[in-house]
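Since the structure comes first, as structure tokens, the remarks are kept for the end.
The values are calculated or read from the model by the stated rules, or taken from the named source; none is laboratory data. Predicted, not measured: the structure shown is a model, and the values here were computed from it. Using ideal geometry, Cβ is built from the backbone for each residue, glycine included, and neighbour counts are taken over all protein chains shown.
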Amino acid sequence: MPSPDAQEAVTHVHRTEWARIVASLTRHFGDLDIAEDAAAEAFATAIERWPADGVPPNPGAWLTTTANRKAIDRIRREQKRLEKHEEAHVIHETDPSPQHGIIEDDRLRLIFTCCHPALAMEARVALTLRMIGGLTVPEIARAFLVQDTTMGQRISRAKAKIRATGIPYRMPTADDLPARHTGVLAVLYLIFNEGYLSTTSDAHPIRTDLSTEAIRLTRLLHDLLPADGETTGLLALMLLTEARRPARITSAGELVTLDEQDRTRWDTTLIAEGHQLVRERLASGASPRRYQILAAINAVHTSAPTIRDTDWSQIVALYDQLTRRDPSPIVALNRAIAIAELDGPHVALAIVENLRDALADYHAYHATRADLLRRLGRPADARIAYDHAIALTTNQAEIATLTRRRDQLVQ
Amino acid sequence: MRYLMSVIDDDTNVDTGNEMAAVDAFNDQLRADGYWVFADGLTAPEDATVVDNRGEQPIITDGPFIESKEFLGGFWIIDTPDLDITLKLAVTASKACNRKIEIRPFNV
């Protein structure tokens, strides 16, 4: 008889304990492959046994013990592996002294290993979702619309490279840490953004599975590094973006831009949490970096009950601050959108026109330009710009919105 | 673990004149830290000769086996605990010799 309680317990403990179990096995056995397989086998055993035997009093400890036993069984079966295991221990014993001011946590080490810069970005994303997120290979394959075998090979190759090249399972040294930490946040933000606005043309335009998972992983990183401003900033940015999701797609599958969203549909709980995190960063007095500034911009947007109530001068000031840190054309484009509200579309259009060389292949550049031309009463120019934007867009909901706007232009 | 650090050279590379001294200093540090195994530079790819004795007769051909813009200019063999330490050394090596560096571990 399948017991719903036991199944629920397995699901819950999988969500809360998977990363911890994989990370602790990786430390003990020095091999991601062994850790992953043993953890998966332990959960499979739990699914088999808990409905009949009952849920153990400490499910996490039961799974850790079971997984350790599975790993040792496997190592005994494969003597060759044992040599590698011993070798891995030799590597770890030469670890430099522990870092100052950094919480040593197996999961944190594992995150840094999975997001190592020697791995391709797509491998970092896949490994992070598998090893830390506990998603199965078919789940990750589905999320990125590739074959299970392709995703399986991608993860196997990444694990093989970690093993063969000696990517260490430890915290980066103090001088490497800022760059490596930024790299981890980039992986999490990429996962979130693929969920926020899928770039895959035949996928659902909003991939809740990916954005939800990215938030969960960022929460974990925030728990591990509570004093880190950029981790807090990224979590706030994700929460304030996710809060608007219920208003972002119409029943007809069209993407709704910020100015047209029904703000009563925004998730007030997520907004409250995001605002709290932004306030926490402001109170710290530390100079904000990229994600914190982006979070603050989103906090201004989500504080306005209507688009007209938006404090555009505050938003422009934040974009100015962001431009000083990151003078990229995409930041300049987003700043121009805010300038259009503050100083009018003609001022914004002058800025946008200057970005043509840098952003000619970027759909949002043409979409922004088209909207500005429409507002300036230049429908013929706007039509051409919408056509450019549609040709460069892959997200179906975005194409639907752009097409409607183009077709609504006065002749 | 032992790693091969290959120096990737190309025709467009412009030497500053400081490379020799910088590489010497880097090599001294490698020895002092116990990472040094071997290192040397190579002459130009035009000096290469390819030998193929997979068939009945050995075939000896002048020139590199692949004509490419980029070529192997030299290499280090180092012995370090892990890739992170190797990456740090490669960062210094690339600056010292003013060229790109490729890292590959040796088969254990």
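Out of the residues in segment B:67-102 meeting the condition of being among the small types (Gly, Ala, Ser) and more than 14 Å from every other protein chain (Cβ to nearest Cβ), tell me which one is farthest from the chain's Cα centre (by Cα).
Initial filter on segment B:67-102 (among the small types (Gly, Ala, Ser)): B:68, B:73-74, B:90, B:93-94, B:96.
Restricting the remaining residues to those that are more than 14 Å from every other protein chain (Cβ to nearest Cβ) gives B:68, B:73-74, B:93-94, B:96.
Values: B:Ser68: 16, B:Gly73: 6, B:Gly74: 3, B:Ala93: 10, B:Ser94: 10, B:Ala96: 13 Å.
Going through the qualifying residues, I end up with B:Ser68.
Screening segment B:1-42 for residues that are small (Gly, Ala, Ser) and within 13 Å of the chain's Cα centre (by Cα) and picking the one that is nearest to the other protein chains (Cβ to nearest Cβ) gives B:Ser6.
Here is a list: A:Arg404, A:Arg383, A:Arg374. Which entry is buried (at least 20 other Cβ atoms within 10 Å of the Cβ) and either in a helix (DSSP H, G or I) or touching a Pro at 6+ places or on another chain (Cβ under 7 Å) (or both)?
Values: A:Arg404 fails: buried (at least 20 other Cβ atoms within 10 Å of the Cβ); A:Arg383 fails: buried (at least 20 other Cβ atoms within 10 Å of the Cβ).
None of the other options fit; the residue is A:Arg374.
Among the conditions (1) modelled with pLDDT of 90 or more; (2) assigned to a helix (DSSP H, G or I); (3) buried (at least 18 other Cβ atoms within 10 Å of the Cβ); (4) among the β-branched types (Val, Ile, Thr), the only one that A:Ile75 does not satisfy is (1). Here B:Pro105, B:Pro64 are screened, and the one residue that is within 14 Å of chain A (Cβ to nearest Cβ) and either buried (at least 17 other Cβ atoms within 10 Å of the Cβ) or not aliphatic (A, V, I, L, M) (or both) is B:Pro105. Checked against the criterion of being modelled with pLDDT of 90 or more and closer than 23 Å to A:Pro168 by Cα, the candidates A:Asp53, A:Asp33 yield just one match: A:Asp33. The single residue among A:Val146, A:Val137, A:Val125 that is at pLDDT below 90, in contact with a helix residue (DSSP H, G or I) (Cβ under 9 Å, 6 or more places away or on another chain) and β-branched (Val, Ile, Thr) turns out to be A:Val146. Among the conditions (1) within 30 Å of A:Leu25 (Cβ to Cβ); (2) more than 14 Å from every other protein chain (Cβ to nearest Cβ); (3) in contact (Cβ under 8 Å) with a residue 24 or more places away in the chain; (4) surrounded by fewer than 20 Cβ atoms within 10 Å (Cβ to Cβ), A:Leu177 misses just one, which is (2).
Please work out if A:Arg244 is within 27 Å of A:Asp105 (Cβ to Cβ) and basic (Lys, Arg).
On the way: within 27 Å of A:Asp105 (Cβ to Cβ): no; basic (Lys, Arg): yes.
Against the criterion (within 27 Å of A:Asp105 (Cβ to Cβ) and basic (Lys, Arg)), A:Arg244 does not qualify.
Please find, among A:Ile307, A:Ile351, the residue that is surrounded by fewer than 19 Cβ atoms within 10 Å (Cβ to Cβ), of a type in the set (A, V, I, L, M) and within 20 Å of A:Glu260 (Cα to Cα).
Numbers: A:Ile351 fails: within 20 Å of A:Glu260 (Cα to Cα).
Just a single option satisfies the conditions, and that option is A:Ile307.
Screening A:Pro96 on (1) surrounded by fewer than 21 Cβ atoms within 10 Å (Cβ to Cβ); (2) modelled with pLDDT under 85; (3) under 17 Å from A:Leu217 (Cα atoms); (4) touching a Ser or Thr at 6+ places or on another chain (Cβ under 8 Å) shows it passes everything except condition (3).
Across segment A:386-397, which residue is surrounded by the fewest Cβ atoms within 10 Å (Cβ to Cβ) among those that are in a helix (DSSP H, G or I) and modelled with pLDDT under 90? Lay out the reasoning, then the answer.
Taking segment A:386-397 first, the residues in a helix (DSSP H, G or I) are A:386-392, A:396-397.
The next check asks that each one be modelled with pLDDT under 90; those that pass are A:396-397.
Numbers: A:Gln396: 17, A:Ala397: 21.
If we take residues in segment A:386-397 being in a helix (DSSP H, G or I) and modelled with pLDDT under 90, then A:Gln396 is surrounded by the fewest Cβ atoms within 10 Å (Cβ to Cβ).
Summed over segment A:164-174, residues that are surrounded by fewer than 17 Cβ atoms within 10 Å (Cβ to Cβ) and either free of Cβ contacts under 8 Å to residues at least 24 places away in the same chain or within 10 Å of chain B (Cβ to nearest Cβ) (or both) total 2. The residues of segment A:308-335 that are in a loop (DSSP other than H, G, I, E, B) and not acidic (Asp, Glu), listed by number, are A:Thr310, A:Pro327, A:Ser328.
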